[in-house]
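Each remark here refers to the structure printed beneath this line.
The values are calculated or read from the model by the stated rules, or taken from the named source; none is laboratory data. Nothing here was measured: the structure is a model prediction, and the numbers come from that model. Heads up, the Cβs are rebuilt from the backbone with ideal geometry, glycines too, and the neighbour counts pull from every protein chain shown. Surface areas here come from the heavy atoms of the whole protein model, side chains and all, with no ligands, DNA or RNA. Shrake-Rupley method; radii C 1.70, N 1.55, O 1.52, S 1.80 Å.
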Number of protein chains: 4
Amino acid sequence: MTDDAVTDDLGTGHAAPSGPQAPTMGWFEGRVHHYPLRVFYEDTDFSGIVYYANYLRFFERARSSYFRLIGFEHSKLWDGEDQMAFAIRKVELDYKRPARIDDGLVVQTTYDRFKGARLWVSQACYRGDELLVTAHSEAASITRQGRPKRPPKWMIEKIAPYLEET
Amino acid sequence: MTDDAVTDDLGTGHAAPSGPQAPTMGWFEGRVHHYPLRVFYEDTDFSGIVYYANYLRFFERARSSYFRLIGFEHSKLWDGEDQMAFAIRKVELDYKRPARIDDGLVVQTTYDRFKGARLWVSQACYRGDELLVTAHSEAASITRQGRPKRPPKWMIEKIAPYLEET
Amino acid sequence: MTDDAVTDDLGTGHAAPSGPQAPTMGWFEGRVHHYPLRVFYEDTDFSGIVYYANYLRFFERARSSYFRLIGFEHSKLWDGEDQMAFAIRKVELDYKRPARIDDGLVVQTTYDRFKGARLWVSQACYRGDELLVTAHSEAASITRQGRPKRPPKWMIEKIAPYLEET
Amino acid sequence: MTDDAVTDDLGTGHAAPSGPQAPTMGWFEGRVHHYPLRVFYEDTDFSGIVYYANYLRFFERARSSYFRLIGFEHSKLWDGEDQMAFAIRKVELDYKRPARIDDGLVVQTTYDRFKGARLWVSQACYRGDELLVTAHSEAASITRQGRPKRPPKWMIEKIAPYLEET
């Protein structure tokens, strides 16, 4: 199985849209998306660890890759018929252990609930079995002018199998 | 009054250690530190607003400038007798309104309480009177090896006048 | 003289458009713009020095502040009548000495020549008298679609007094 | 062939040290290293394109991944017996075409020559067949104190098969 393959026990059958040498979109294990990344120079600071703001970059890469894997692309949402984007409204970050240069990390992401234009997401950054940082966020789907707007039905249908059971 | 001056109604008399053309350290109004900054290209993303992770950079600049203004410098704490640093353990971010290219912003910072090696800080980013983003953080003073360690007495004495009354 | 004041021996009289507590726009000494900045956590990497890409951020802040000081704002150029921006086409960077956390730096900028839609700029980053990094860049004025377009006459007239004598 | 495999017609046989779900180290085609990456929100600016400094981040990720693939790790070089790092001394960047959100890019890297403590590297960033940005850099191998120091023999022997023929 390549880096881009989908471990998909939901049976929804998302195929990787590009070859094995494309940048990874991560993979699903059940409803949990996994996104692997490497810690580079740019991510660290003089104290020897990953700078605290950079986990928000990692978490966003993971959310975007999750969306890409189920068929949402920012550029098409922004420029296409729907003219929309997602913005984070609230985040709670809990830094438990530091990451360092060269570490291979995995961000685990679940989208939990949709309600109107709001969307809740839980994320955790691991190094192997060690939990490093967690993030609980509230996102909003917005128009290009920044106003909240319920996402179109096709989006909700695509993401529904991955949400929390209710 | 220059950009580097201290509006100090606590009477603790911190003088700006450098000339008016030095990078600003911000200023105090009572126990609230104010740090001005400009939104540049690097801070924005394709959706036209400041990228969400970059507020953590802004908030850190403000906390560091506050420390500098009362006489703490990261490099001296790290390399000096105390061999210490500060790390953020938890942050809650609330994004209320977006900032855009060219905006002049001010980050307001109060350090609220110290307990053992832990320190609580409240921050808010404004554009004029508009509140854009708030952050509530728990920091820890740590050794160079990352272990929590109570800050030295001289630090606590220096920051005490700016903490919440209890 | 405040941080925002203009040392202007060209007699062109640009006044600082905002109070002393606004984020600095730097100042001119002759045709050389000076922009002060502080090295923060975000700028450093685990090797203890400023990460090489971040000087491009510093140089851009300086170019934008130069423009702001003579009356150009990115947001107004982009959204206004002219619908334009500037993009860097080529840069040569020479890293001579490293900067470290807490350093106070000054970026010196001269715009040298305009020709059609192209513009040449020379920049140098100093820590006191020590020259740390130089950059020689070719910029282009472009439309919002990214095509080269000669800047409007009013811009050329505003910047002309600061260009190299020819 | 997975993302991490080595297309190695030099017969030097570097195996990927980790599973297919690890972050990619790219792959070689002859002596040209290929590193794939995705453009995320964090990489773009309000003008809709990738911010110019961020290509230096991309180029560094590619150089580090090249090193990792042939067996050099920054953390081990820094903390281990050799106590060394690499620093960029000069870069020439040529921005030919912009990249945008969601783009899948590939950075191609060749290390060209070693001489004493100096090392020359050529890099190019592609979107499919389109050449977007090139970089020609001079790096130096340095001690932890920042002084130039010839790399150890084992490093030179490992990289020699990938250098330019002379």
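Structure values in brief
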item: Acute angle (nearest 10 degrees) that the helix D:54-70 long axis makes with the longest principal axis of chain D, alpha-carbon atoms; result: 40
item: Cα-Cα P(r), chain A, percent of pairs per 10 Å interval; result: 10, 37, 36, 16, 1
item: Phi to ³J(HN,Hα) by Karplus 6.51 cos²θ - 1.76 cosθ + 1.60 over region D:101-108, Hz, x for Gly, Pro; result: 3, 6, 4, x, 10, 10, 9, 9
item: Relative contact order (%) - chain B, alpha-carbon pairs under 8 angstrom, separation at least six; result: 22
item: Nonlocal amide H pairs with C:Lys90, under 5 Å, H built at 1.01 Å; result: C:Glu138, D:Tyr95
item: Rounded accessible area of D:Ile70 (nearest 10 Å², 1.4 Å probe); result: 0
item: List B:His136, A:His33, A:His74, ordered by accessible area with a 1.4 Å probe, largest first; result: B:His136, A:His74, A:His33
item: In order through region C:111-127: 3J(HN,Hα) via Karplus (6.51 cos²θ - 1.76 cosθ + 1.60), integer Hz, x for Gly, Pro; result: 8, 9, 8, 10, 8, x, 8, 9, 8, 10, 9, 10, 9, 8, 10, 10, 10
item: Nonlocal amide H pairs with A:Asp103, under 5 Å, H built at 1.01 Å; result: A:Val39
item: Peptide D:65-74, shielding by other chains (average Cβ, 10 Å cutoff); result: 2
item: Per residue Cα convex hull volume in Å³ - calculated over the protein assembly as shown; result: 168
item: Ranking by accessible area, most exposed first, for C:Glu92, A:Glu165 with a 1.4 Å probe; result: A:Glu165, C:Glu92
item: Rounded to the nearest 10 Å², the accessible area of D:Tyr126 at probe 1.4 Å; result: 60
item: Cα centre as origin, Lys/Arg/Asp/Glu Cβ charges: region B:27-162 dipole, Debye; result: 640
item: Surface accessible to a 1.4 Å probe, C:Trp154 within the full protein complex, Å²; result: 100
